[in-house]
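Data block below; observations after.
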Amino acid sequence: MAIENPVQVAEERYNTSQRATSILTESISTGARFNIHEYTNHLVQEQTTEKKARDLRNKENSEEIMTTLNPEMRRTLQRITNGNASQWLTIIPLTADNFDLTPTQFRDALSMRYSKPLLGLRGICDGCGMEMDLNHALNCKTGGLVKQGHDQIHDIIAGLARQVYRGVMVEPIMREGSATEPGLLADIRIHGVWDRERASFYDVRVINADAASYSTRDWSSTANEAAKAKHRKYDTAAEDLHGSFTPLITSCDGILHTEFQTFSKKLVTSLAEKWDKPRSSIAGFVRAKIQLAIIRAVSLRLRGCRKMTRSAIDDTNSQIIREEAALCLEDGAPIPTQDY
Ligand SMILES: [Zn+2]
């Protein structure tokens, strides 16, 4: 996680700081003429050199640690580091940006990243009574949590797409159902992504890449297989609508399949142009947004309640009227008029 031990790095940091500020100290102690541009250039140069050395050291450390891990752990961690799925760990977790996670979400995401057991997970699924593990949590449709988490992911993508593209629609019906055939629903429709005049359709799937059934395959072949299945399901319907179809396949640790990556890059380019910002910073922003949506969706499936709660009161409307009367609220105006 690149959290450094200050005891180990203090001396080196101090030396860097001394070198980087030498022009300033010299000017203060001798009264020599101070050139701000020369100073800033020197400072940036020293910082860059230090960062390069630090990155190299971290890389070497990381490779060394990898060799000591058991094969399953190494497989997971290598997939994540190669798959560029660590953005969420480098952002400032501001609530204002919706970049904050709850402690449980954070711990679960870290546990999955390092193949550690998820703490305090219930043993039995409260929705269907089967044994609860990551795989079951991801797949058990009882209680609607899969749908809810899934919706959060497509909402984030649709929300970003809406900033730059026309015709964004969530859950477009690609084919109406009939007596003989069920209808077909995608997650998102967007106009003008790949072709100015054509609509494109998208469907999301989150896969546990460490599930027993995928344990002998690497992530790219698992993801390719899932993408092919989506194409088989949606391609014809998309063509009938003169559009195209792109599957958005991701692992539950946020590694995107190549088609999802291509879409994400296209989205980043369009957003960077519209917001007039460097492509690299928008890429980081979009990556973090998508990764956090996936972490939240997975967490919901792991920790959310699948059991329906039934109220003993069956008339909700008269209950609301009683509550309003008890609170003396008029016209639904609950804001207190004085400070207490
Ligand atoms: Zn279940």
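Worth a mention:
- When CYS128 is tested against (1) open to solvent by less than 70 Å² (accessible area, probe 1.4 Å); (2) within 16 Å of the ligand (Cβ to nearest atom); (3) modelled with pLDDT under 85; (4) part of a loop (DSSP other than H, G, I, E, B), only condition (3) is not met.
- The set of residues in the range 111-125 that are among the charged types (D, E, K, R) and either in contact with a strand residue (DSSP E or B) (Cβ under 9 Å, 6 or more places away or on another chain) or within 16 Å of the ligand (Cβ to nearest atom) (or both) contains only ARG122.
Okay, residues lined up against (1) in contact with a Ser or Thr (Cβ under 9 Å, 6 or more places away or on another chain); (2) surrounded by fewer than 21 Cβ atoms within 10 Å (Cβ to Cβ); (3) within 19 Å of LYS230 (Cα to Cα):
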{"residue": "PRO172", "(1), (2), (3)": "no, yes, yes"}
{"residue": "GLY183", "(1), (2), (3)": "no, yes, yes"}
{"residue": "ARG189", "(1), (2), (3)": "yes, no, yes"}
{"residue": "TRP194", "(1), (2), (3)": "yes, yes, yes"}
{"residue": "GLU197", "(1), (2), (3)": "no, yes, no"}
{"residue": "PHE201", "(1), (2), (3)": "yes, no, yes"}
{"residue": "ARG205", "(1), (2), (3)": "yes, yes, yes"}
{"residue": "ASN208", "(1), (2), (3)": "yes, no, yes"}
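- Take the conditions (1) loosely packed, with under 11 Cβ neighbours inside 10 Å; (2) under 18 Å from the mean Cα position of the chain (by Cα); PRO71 misses just one of them, which is (2).
- Set ALA293, ALA229: member being out of contact with any Pro (no Cβ under 6 Å at 6 or more places or on another chain), of a type in the set (A, V, I, L, M), surrounded by fewer than 17 Cβ atoms within 10 Å (Cβ to Cβ) and assigned by TED's automatic domain parsing to the domain that holds ALA158: ALA229
- Note on the range 88-113: residues that are in a loop (DSSP other than H, G, I, E, B) and open to solvent by 60 Å² or more (accessible area, probe 1.4 Å) total 9.
- Among (1) in contact with a helix residue (DSSP H, G or I) (Cβ under 7 Å, 6 or more places away or on another chain); (2) more than 17 Å from GLN87 (Cα to Cα) - the single one LYS289 does not satisfy: (2)
- The number of residues in the range 107-165 that are among the aromatic types (Phe, Trp, Tyr) and in contact with a Cys (Cβ under 6 Å, 6 or more places away or on another chain) comes to 0.
- In summary, ASN139 fulfils each of the numbered conditions (1) over 21 Å from the mean Cα position of the chain (by Cα); (2) open to solvent by 50 Å² or more (accessible area, probe 1.4 Å); (3) in the same structural domain as ALA212 (by TED's automatic domain parsing) with the single exception of condition (1).
- Note on the range 142-165: residues that are under 22 Å from ILE290 (Cα atoms), within 15 Å of the ligand (Cβ to nearest atom) and surrounded by fewer than 17 Cβ atoms within 10 Å (Cβ to Cβ) amount to 3.
The values are calculated or read from the model by the stated rules, or taken from the named source; none is laboratory data. Small disclaimer: the values here were computed from a predicted structure and weren't measured. Here the Cβ is made from the backbone with ideal geometry for all residues, glycine too, and neighbour counts use every protein chain on show. When the accessible area is computed, the model is the full protein with side chains, heavy atoms only, and any ligands, DNA or RNA have been set aside. Shrake-Rupley method; radii C 1.70, N 1.55, O 1.52, S 1.80 Å.
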